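Data block below; observations after.
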Amino acid sequence: MYFPARDLLPGASVIPDWITPQQEAALIAFLDAGEWSGELKRRVRHFGYRYDYRARSATVESRIGPLPEVLQGLAERLVADGFFLAVPDQVIANEYLPGQGISAHVDCEPCFGDVIASLSLLSACEMRFANLESGETRASMLLPRSLLVLAGPARRDWTHAIPARRSDVIDGLRVMRQRRVSLTFRSMRF
Ligand SMILES: O=C(O)CCC(=O)C(=O)O
Ligand SMILES: [Fe+2]
């Protein structure tokens, strides 16, 4: 079953329509104007610091450079809106075509700070959460232009995953997925 945002997980917040459709279009245009990496099944772009999927880490040596202006603006807004104490300095864009997902994981704890924020673009999809200790599972729909913030227990004690499928059932209706892009903001921990 789907939980309302306030009951999703302790430490999780969902903010609907955190950006406008115009901002969404501008972000997609920006991302598509650069080079996507094909190192995974889904395409990714890294900003600020490169994350090494094999070593499962990001380090000070992996610095790419400052965040591009469009991402820096959003990173600063995450502080202004009270989600982060300091401006996040690492962003990964993930692209999911219908049928693609991300397996259950907790974002690297030694690498990244206590708050993770993920902005959804273009398509809805289901995100599933599982408690590391009890195995309890929960699910939420991530809607385009919504922001998911994971802090505290939601960031540390629960895995999150996106099932690799072509459609989701929302309120009893099967909804086909479209291309989805997410932007995940993190703070390097060093
Ligand atoms: O696509 C998403 O919303 C989540 C991405 C994610 O979990 C990650 O990059 O660690
Ligand atoms: Fe993640």
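Can you give the Rg to Rh ratio of the chain, both from alpha-carbon atoms, with Rh computed by the Kirkwood formula?
Reported Rg/Rh (Cα atoms, Kirkwood Rh): 0.93.
Given Cα pairs under 8 Å that are at least 6 residues apart, what percent is the relative contact order of the chain?
Relative contact order of the chain: 31 percent.
For a quick check, take a GNM of the chain with Cα springs below 10 Å and name the residue from Pro98, Pro144, Pro88 with the largest mean-square fluctuation.
Per the Cα network of the chain with a 10 Å cutoff, Pro98 tops the list.
In nanometres, what is the gap between the two model label sites at Ser37 and Val87, each 7 Å from Cα along Cα-to-Cβ?
Spacing of the two 7 Å Cα→Cβ label points: 2.3 nm.
What nm value, rounded to one decimal, do you get for the distance between Gln22 and Ala80 when each label is placed 7 Å out toward the C-beta?
1.5 nm
Averaging the inverse of every distinct alpha carbon separation and then flipping it gives the Kirkwood radius. What is it for segment 29-95, in angstrom units? Don't skip to the answer; put the middle values down first.
Numbers: mean 1/r = 0.0772 Å⁻¹.
The answer is 13.0 Å.
How big is the Cα convex hull of segment 94-174 in projection, averaged over all directions, in nm²?
Taking the Cα atoms of segment 94-174, their convex hull projects to 5.7 nm² on average.
Please work out the C-alpha center-to-center distance from segment 103-126 to segment 147-161 and express it in whole Å.
7 Å
Can you give me the long-range amide H partners of Cys125? Hydrogens built in the peptide plane at 1.01 Å from N, cutoff under 5 Å, separation of 5 or more residues or another chain.
So Cys125 has HN proximity to Leu142.
Calculated FRET efficiency, Gln178 and Glu61, Cβ-Cβ r, R0 25 Å, to nearest 0.05?
On the way: r = 37 Å, r/R0 = 1.48.
Calculated transfer efficiency: 0.10.
Hey, got the Cα dimensions of segment 1-70 along the principal axes, in Å, largest first?
39, 32, 25
With springs connecting C-alpha atoms under 10 Å apart, model the chain as a Gaussian network and identify which of Asp17, Asp52, Asp114 has the largest mean-square fluctuation.
So, out of Asp17, Asp52, Asp114, the one fluctuating most is Asp52.
Relative to the Cα centre, what is the charge dipole magnitude of the chain, using +1 at the beta carbon of each Lys and Arg, -1 at the beta carbon of each Asp and Glu, and rounding to the nearest 20 debye?
That gives a dipole near 520 debye.
Could you list, by residue number, the cysteines of the chain that have no other cysteine's beta carbon within less than 4.7 Å of their beta carbon?
Cys125
Rule-based calculations on the coordinates, nothing more; no lab input. Only a predicted model underlies this, so the values are computations on that prediction, with no experimental measurement involved. When we count neighbours, we look across all protein chains shown, and the Cβ atoms used for this are built from the backbone with ideal geometry, even at glycine.
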